[in-house]
Amino acid sequence: MGISLLFGAPAHDTLAVMAAWIAAAVFLGICSILGRTDRVANARRAMLANALCASCGYSLDGSEPQADHCTVCSECGAAWRLATQAEGG
Ligand SMILES: [Zn+2]
């Protein structure tokens, strides 16, 4: 019965079922990407809170912040605005 909805139905119903499946796949894909992005942001925040480069994990302790208040990682060259520096404005 369920399979007849897919293969025995008129063309416009088949298209509607296909559109619903495609919409569901797109929705799940977006949820997956958003969830991964959130986890990456959390990991980056945790590393920067511990003065670690969020790109390579190198310690940023002792590195002087630049004029734009970003600390440049001496290992990989990535620039980060550490939480304690952002407070000083
Ligand atoms: Zn680095």
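The requirement of being surrounded by 11 or more Cβ atoms within 10 Å (Cβ to Cβ) and over 19 Å from the mean Cα position of the chain (by Cα) is not satisfied by Leu48. If I ask for residues that are near the ligand (Cβ under 9 Å from one of its atoms) and on the phi < 0 side of the Ramachandran plot, which ones from segment 50-66 would you list? Scanning segment 50-66 gives Leu52, Cys53, Ala54, Ser55, Cys56, Tyr58, Leu60. The C-beta contact set for segment 53-68 (first residue over 14 Å from Ala43 (Cα atoms), second residue within 15 Å of the ligand (Cβ to nearest atom) and among the acidic types (Asp, Glu), distance under 6 angstrom, 6+ apart or interchain) comprises Tyr58/Glu75. Taking the criterion of being part of a loop (DSSP other than H, G, I, E, B) and out of contact with any strand residue (DSSP E or B) (no Cβ under 6 Å at 6 or more places or on another chain), the residues of segment 16-65 that qualify are Asn50, Ala51, Cys53, Ala54, Ser55, Cys56, Gly57, Tyr58, Asp61, Gly62, Glu64.
We did not get these values from a lab; they are worked out from the coordinates using the rules stated. Worth saying up front: this structure is predicted, and the values here are computed from it rather than measured. With ideal geometry, Cβ positions are generated from the backbone for all residues, glycine too; neighbour counts draw on all protein chains shown.
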